[in-house]
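Everything on this sheet refers to the single structure shown next.
The values are calculated or read from the model by the stated rules, or taken from the named source; none is laboratory data. In this text, all values refer to a predicted model and were calculated from it rather than measured experimentally. Quick reminder, even Gly has a Cβ in these numbers, built from the backbone with ideal geometry, and neighbours come from all protein chains shown. With ligands, DNA and RNA removed, areas are computed over all heavy atoms of the protein, side chains included. Shrake-Rupley method; radii C 1.70, N 1.55, O 1.52, S 1.80 Å.
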Amino acid sequence: MSNLVIKGGRVIDPASKRDKVGDVFIAAGKFVKSLTAAQKKDARVIDAKGLVVCPGLVDIHVHFREPGQTHKETILTGSQAAAAGGFTSVVCMPNTSPVVDNAGTVALIKSVAATAPVHVYPTGCITVGMKGQQLAPHGSLQKAGIVALTDDGLCVQSNELMHRAVEYAKMFDLTILDHCQDDSMTEKAVMNEGVVSTRLGLKGWPHAAEDIIVARNIILSKYTGAHIHMQHITSAHSVELMRRAKQDGINVTAEATPHHLALTEESLGTYDTHFKMNPPLRTEADRRAIIAGLRDGTLDCIGTDHAPHAPEEKDCEFDYAPNGIIGLETALPVCLDVLVQKNKFKLPHVIDLMTRKAANILKLPAGTLAPGATADVCIFDPAETWLYKTYGGFSKSINSPWDNRQLTGRVKTTIVSGKVVYANGKMV
Amino acid sequence: MPWHRKHLLTIEELSRAEIEQLLATAGAFRRILERKVKKIPALRGKTIVNLFLEPSTRTRLSFEMAAKLLSADVISFDAASSSTSKGETLRDTAQNIQALNADMIVLRHSASGSPLYLSKVLGIPVINAGDGAHEHPTQALLDVFTMREKLGNLKGRKVVILGDILFSRVARSNIHALTKLGADVTIVGPSTLVPHWFEAMGVKVSHHLRSALADADVVMLLRIQHERQGVSHFPSLGEYTSMFGLNYTRAEWIKPDAIIMHPGPINRGVEIDSDIADSPRSVILQQVTNGIAVRMAALYLCAGGQPENVLTPV
């Protein structure tokens, strides 16, 4: 493994409060303060002049569809999409086929993930078969290598089962990631309930169905002391519930997706299935509340909910299309646009939300450029404008609302454990 | 102004002038329906396929009748007999119909937005015969056609739409058509089926039957689509009837010269009592007849005909 010098970039490392032009040194896959004269001699130099050098991005919410749905994505193609988007650590949801409710499936994912270009961490199910009826073997799953528990996409409906799940998982110091949705209120729902769903004649998903579960989880976290993380918060009321919970010192965290930051239900006017996801896009007031929540720390991090689906699966009537969009290759430019350009966040703040703060939720060894840490780096040009085309991308699927759109901010180089895995539009 | 639309997908996207063109063209066809020989050669040599993926009697028969009176060849099929039950997608089914040299597709589908989707994947005209809870444009056109026959100009006229608005494509298309034509629309019914979200579409929302009926020029009743609802929207049909059903006593609250409409199918004794449905104020069957003329107009214009001379073959 060669030594690396990343030279002359704007080095932003929120974990060490660093933000200035300088060099980053890597030896033997780790960050070092500097290289010895001997190391310098055979070091590869990456010119980062005019570019931002930051920790590799961390996404604690992706779907890589392997095993079982590899026509949508594989661990390899998903990891390539991650690397192309500047992500070096990703956490995969367990709704594969079979679902990750047993140690064998964890082992399978880990064996494939070992050859992936980025760090891929599996999660396990809260309940057997994600059916919400019986606890999955959390201890065995952890021994096999999962980093968190979730029934993502199928929120545990029974309050009693959720209560026991968080109580049990706490013994292993495992965080529960919850997709907050009261199913009884969202049967057949395909978009936010409101003025737009009424006009379009589509079945509405009221934000109250999210708020109720967020409130439940806050109550259960306070009651048990267990850490519960709310996935993809979409509603202003849920943001407010989280704000109060944090003021009360309750052990809860939450994420927001780039699409809920950037888009609203107004995008659904033409029934374009590339804007259909669960939870759905909501109102402008909700969108603004999510941005405010990220600004004041009520919401902890960005997670993409990268959810690939094959083109023919999305090419149908709106009611029948599966939920979800891909997001790894567009997350950084979308967040730069919405948060930095339009809402005047400082760039280090946005990087913090996409690196250190995401990693901290699950205590992943990532999100910093500090000497001794694994050398995961994202180098990007914050000013480059480029045309995103899903067909030219790395994900196996093309279900993105940003297809054929101009984006500003482009990842130039991605380094994982000291090795360049992506550079100038190509996997290395 | 020439007609330029290839598809009839929604009332929402039509301008007031386009609605007027459709109504004027329907008027010309309506006069032809009075003749002894009603058939005209306007669409001779054209094939129209009625793709009905949701059950329908009235609308399908009406479209078939309209196509035949225009001398088009018409093929109708429904979901049960089609390949959709074998897992074929809507795109593939429709593209096959197009490849069979159909000149036009009339689509009825339970999924909102599906006619728009189909119009993007096909090269031939698509006519929306009802999509989910979204729109039913020809129904609204025949409704306003009938209202104008009875009341003349609709500007400032008070129209009450009473019943299950939430699940109704008829209500949505009528709201768009009536507001574009300057009518004052009030939607009435239980709060779960008439949510306040509709106010953004330019209508008044009321849950008080008597005051809403008092100054109405038109009372349009809608069926309670209990097959579409969960159990939670209202207690029972009996409760609906007791609170909102139009019976003899409540019909007294309506002005004597107001008309009573219903797109059908009617549920006698539920949303409307028989003596009201069959009363002289009821124009329910005239709506059905006018529906043929309106659908002739929609087919004719979208096939490339122009409003000024409906007797000229396309």
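Numbers for the structure displayed
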item: Largest-first ordering by accessible area, 1.4 Å probe, given options B:253, A:402; result: B:253, A:402
item: Dipole of region A:54-361, positive direction: furthest Cα of A:130, A:355, A:63, with charges on the beta-carbon; result: A:355
item: Long-range HN-HN contacts of residue A:150 with modeled amide H, under 5 Å; result: A:124, A:125, A:126, A:177
item: Reach of residue B:68 by Cα under 26 Å, taken over lysines that are not fewer than 8 positions away in the same chain; result: B:6, B:36, B:38, B:39, B:46
item: J(HN,Hα) series, region A:142-157, from Karplus relation 6.51 cos²θ - 1.76 cosθ + 1.60, nearest Hz, glycine and proline x; result: 5, 4, 6, x, 7, 10, 6, 10, 6, 10, 2, x, 10, 4, 5, 7
item: Chain B: most fluctuating residue of B:101, B:290, B:174 per GNM, C-alpha cutoff 10 Å; result: B:101
item: Area hidden from solvent between A and B (accessible, protein heavy atoms only, 1.4 Å, total, Å²); result: 1600 Å²
item: Accessible surface of residue A:205 - all protein chains present, 1.4 Å probe, nearest 10 Å²; result: 10 Å²
item: Under 5 Å, built H, 5+ apart or other chain: amide partners of residue A:30; result: A:375
item: Projected area averaged over orientations for the protein assembly as shown, convex hull of C-alpha atoms, nm²; result: 34.9 nm²
item: From phi via Karplus (6.51, -1.76, 1.60), per-residue ³J(HN,Hα) for region A:95-106 in Hz, x at Gly/Pro; result: 8, 8, 10, x, 6, 8, 10, 8, 5, x, 5, 4
item: Mean Cβ count within 10 Å, highest first, over the residues of peptides B:199-205, B:24-30; result: B:24-30, B:199-205
item: Residue A:110 paired with residue A:406, simple spin-label distance in nm, labels 7 Å along Cα-to-beta-carbon; result: 4.8 nm
item: Label zone at residue B:200, where the point sits 7 Å out along the Cα-to-Cβ direction: region B:113-153 residues whose backbone N lies under 16 Å; result: B:134
item: Exercise: per-residue mean of other protein chain Cβ atoms within 10 Å, A:184-191; result: 1
item: Heavy-atom accessible surface of the protein assembly as shown: percent carbon and sulfur, 1.4 Å; result: 53 percent
item: Accessible surface, per residue, of region A:54-361 when the full set of protein chains is kept, probe 1.4 Å, Å²; result: 31 Å²
item: Potential extension, residue A:134-residue A:158 segment - 0.36 nm per residue separation minus Cα distance; result: 7.6 nm
item: Net charge, residue A:31 excluded, C-beta distance under 12 Å - Lys, Arg +1, Asp, Glu -1; result: 0
item: Within a Gaussian network of chain A (alpha carbon springs, distance under 10 Å), most fluctuating of A:139, A:201, A:22; result: A:201
item: Shielding score for A:201-208, defined as the mean number of other chain Cβ atoms within 10 Å; result: 4
item: Local net charge near residue A:151, Cβ-Cβ under 10 Å (Lys/Arg +1, Asp/Glu -1); result: -2
item: Packing-based ranking, highest mean first, of A:298-311, B:237-250, A:242-255 given that Cβ atoms within 10 Å are counted; result: A:298-311, A:242-255, B:237-250
item: Relative contact order (%) - chain B, alpha-carbon pairs under 8 angstrom, separation at least six; result: 23 percent
